[in-house]
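Here the structure is laid out as structure tokens; the discussion comes afterwards.
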Amino acid sequence: MSAGDAVAGPDGALRCPWALSTDDYVSYHDEEWGRPVHGDDALFERLSLEAFQSGLSWITILRRRPGFRAAFAGFRIEKVAAFTDTDRERLLADPGIIRNRAKVDATMANARVLADWPEGELDALIWSHAPEPAGRPAPRTLADVPAVTPESTALSKALKKRGLRFVGPTTAYALMQACGLVNDHLETCVARTSGPSGG
């Protein structure tokens, strides 16, 4: 068995190795990661959190997610678009989030851009970049999982062209993985064959 193979957890089920690196990851891996996410606000949240994750480990963001949701009004686009300089200073002083000025500013700016889009347009744009599942063999090890794909590069370009920030190809691919546009659970992972993203 190579280092990147699925690993048996305490319950005996095989999972992607990263899912067993900390207890907080198990439920996220089993119940969220790779499951289809729809809705502009829900996708804005995932896009924002992936941007905040840039340069950090995802567990850092996952453990602060309740704080992010409280600080950013549940990531409701219309609410965040109305944030003022006072809100910005509040966010930069909030220990419950990652207090990165550029990322806070990008999240607020992105909300202002998205607030002008018709309802459902962010969902439609993101999902239009989902690759054909039949053309993607299930990864056998972590080495088979890419960090960037032609689809994520195209999605990044499309989002940037529409005025969004902190949406590079790697961030776009992490979004695609988390939101079920691709299924990167390993071939023998229990989450691959259970739930809506299985197959």
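The values are calculated or read from the model by the stated rules, or taken from the named source; none is laboratory data. Please read all numbers here as calculations on a predicted model, not as lab measurements. Every residue, glycine as well, gets a Cβ built from its backbone with ideal geometry; the counts of neighbours run over all protein chains shown. In case anyone asks, the SASA skips ligands and DNA or RNA and just uses the protein heavy atoms, side chains included. Shrake-Rupley method; radii C 1.70, N 1.55, O 1.52, S 1.80 Å.
General remarks:
- Hull-based mean projected area of the chain, where the convex hull spans the alpha carbons, in square nanometres: 11.0
- Efficiency of FRET between HIS38 and THR141 - r from beta-carbon atoms, R0 22 angstrom, step 0.05: 0.15
- Over the range 20-176, accessible surface divided per residue gives 49 Å², non-protein components excluded, 1.4 Å probe.
- Computed in the context of the full set of protein chains, the accessible area of the chain at 1.4 Å probe radius has 53% of its extent on carbon or sulfur.
- Taking all Cα-Cα distances within the range 26-118, those exceeding 21 Å account for 28%.
- The relative contact order of the chain comes to 32 percent, based on Cα pairs under 8 Å that sit 6 or more residues apart.
- When the GluC sites (Glu not before Pro) in the range 6-95 are filtered for DSSP coil states and for at most 14 other beta-carbon atoms within 10 Å of their beta-carbon, no site remains.
- Cα gyration tensor, the range 87-152 - rounded (a/c under 1.5), prolate or oblate: oblate
- Comparing ALA109, ALA93, ALA134 in a Gaussian network model of the chain (Cα springs below 10 Å), the most mobile by mean-square fluctuation is ALA134.
- Selected from SER54, SER156, SER21 as most flexible by GNM, with the chain as the system and alpha-carbon contacts under 10 Å: SER21
- Helix-derived mean residue ellipticity, 222 nm - over the chain, DSSP H n ≥ 4, -39500 (n - 2.57), to 500: -14000 deg cm²/dmol
- Inter-probe distance in nm under a simple model that places probes 7 Å from Cα toward Cβ, at ASP11 and TRP117: 3.4
- Most mobile of LEU175, LEU91, LEU49 in a GNM of the chain (Cα contacts under 10 Å): LEU91
- Computed P(r) (all Cα pairs; the range 154-196; 5 Å bins; percent): 5, 23, 23, 18, 10, 10, 9, 3
- Only the Cβ atoms of Lys and Arg (+1) and of Asp and Glu (-1) were treated as charged; on that basis the dipole of the chain about its Cα centre amounts to roughly 580 debye.
- The angle between the Cα long axis of helix 40-53 and the main principal axis of the chain comes to about 80°, on a 0 to 90 degree scale.
- Solvent-free Debye calculation, one equal scatterer per alpha-carbon of the range 16-56: log10 I(q)/I(0) at 0.19, 0.22, 0.32, 0.33 Å⁻¹ equals -0.70, -0.87, -1.02, -1.02.
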